[in-house]
Every structure is written in C-alpha cells, then in structure tokens.
Amino acid sequence: MILYDIYDTVPVRKSTFTHFNVPGWNTYVKEKHDVAREAYINWASYGKPKIGALFENMKRSRALFKLALRYCKNHIDEMKADACADMVMDKDCRKFWNQVYKISNNKAAEYVGSIGDVSGSENVTEMWKEYFEKLYSAKTDSEHQHWFKNKLLNCTMDINDLLFTIHDITVAVGKQKMHKAAGPDGIQKEAFI
C-alpha cells in the first residue's frame, strides 16, 4: 500500500499574507534585523551582561531595528505604493497585477465606503454631519429632547459631573479600536472615528 502526502493529493493554495509581512522589510528593516539578531546572540553567548560593550551594542542595534520597523508600519500605504511602482519600472505586468491583487484583496475594509444609499467618504461624512445636526440641533424640538432633558433634571446626580466638552468626545473616540463588531446601535466604530 502506497501512502501519499496530503499535499500530493489534495490541492491547496498557500497564502503569502501573514500578520508578520511588513511592506518595506527587505528595503529598510532586514539588514538592521540581521545586525540586531547577531548582536543579541553574541550578547547572550557571554551570559547576558548588564554593562559593557556587548550590552550597549545589543541595545543600540535593537533600537535601530525597532525604529526601522516602526517606520515601515507607520508608512504601510507608501510602502505598498512603492512596491507597485517598482513593479511598473521592472515592466513586469504579471508581478504588477499580482501586487495590486494582494493589496486590494484584503479580508476587511479599512474604512467604511458606503452606508445605506450613500457611498464615498465625502458623501458619508456629509450624511453624518446632517444627521447629527438634526439630532442635536437646538432649533429642532422633538419628544426625545424633552424626554432627555426631563430625565437629566430628575437625576439625583450632580449635573456638573454630566457635562462634557468636544475635547472629551474627541479623546474618547480616539481611544476606540477599529475593525470590531458594531454595538447595539448598529454603527461601526469607523463611522465615529
């Protein structure tokens, strides 16, 4: 009886994307990573001393590596655009379109592109602006505003504790995490941000 490897019999597609793929790694980070790794191994082989040239070399090379990595992570869109531009300059259409496919075929959208019948970031922004202007406008006199004001007046808490500024709202929204499930109101965090 012949045993076959699963990869010989079942067709599989290996994905090259992982959370560890960093655009710009080979250009900006790889060399610094190699130097930092070598310095760490050298430092560890001497018993991980807390002072001396080996320790300082390990710290400095690690700091340079982390700085380069942070630069790449903070400039992901630029790195992806540079990779596409390099493919165009190489005049290799297949590599170029493969790169475009990898970039545009992410599982989750980074920003909300459409809400209801409205699409496009500017139109969505304008829709939310109009919605909140109507909702919180002093000109509009609705049942909800009366109910809310009455509830505040009947509240036993100190009203001064309930006051908040636009700065408070900005700070609170800035602390929200993206790409999470919508809350009970059905509104995504990205819409608030």
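Each of Asp34 and Lys95 was given a label point 7 Å from its Cα along the Cα-to-Cβ line. The distance between the two points is 1.9 nm.
Taking 0.36 nm per residue of separation and subtracting the Cα-Cα distance, full extension of the segment from Val118 to Ile76 would add 12.3 nm. Under 24 Å of direct C-alpha separation, and excluding same-chain neighbours fewer than eight residues apart, Lys149 reaches these lysines: Lys129, Lys134, Lys139.
With the convex hull drawn around the C-alpha atoms of the stretch 15-74, the volume per residue stands at 93 Å³. Modelled label-to-label distance, Leu163 and Asp86, 7 Å Cα→beta-carbon offset: nm? Output for this residue pair reads 5.6 nm. Within the stretch 26-96, the chymotrypsin sites (Phe, Trp or Tyr not before Pro) that combine a DSSP coil assignment with at most 16 other C-beta atoms in a 10 angstrom radius are Tyr46. For trypsin sites (Lys or Arg not before Pro), the sites in the stretch 35-66 that DSSP calls loop and that have at most 13 other Cβ atoms within 10 Å are Lys50. The residues His167, His33, His179, His75, when put in order of fewest to most other Cβ atoms within 10 Å, stand as His167, His179, His75, His33.
In this model, which of Lys32/Lys95; Lys73/Lys180; Lys30/Lys66; Lys30/Lys80; Lys32/Lys73; Lys32/Lys59 are farther than 22 Å apart at the alpha-carbon? Present the calculation step by step, with values, prior to reporting the outcome.
Numbers: Lys32/Lys95 27 Å; Lys73/Lys180 20 Å; Lys30/Lys66 11 Å; Lys30/Lys80 17 Å; Lys32/Lys73 15 Å; Lys32/Lys59 12 Å.
Distance filter (> 22 Å) returns Lys32/Lys95.
Shown is the FRET efficiency for Ile187 and Ser45, computed with R0 = 41 Å from the Cβ-Cβ distance and rounded to the nearest 0.05: 0.15.
Rule-based calculations on the coordinates, nothing more; no lab input. Just so it is clear, the structure is predicted and the values come from calculations on it, not from any experiment. A quick note on method: Cβ atoms are made from the backbone with ideal geometry, for glycine too, and the neighbour counts reach across all protein chains shown.
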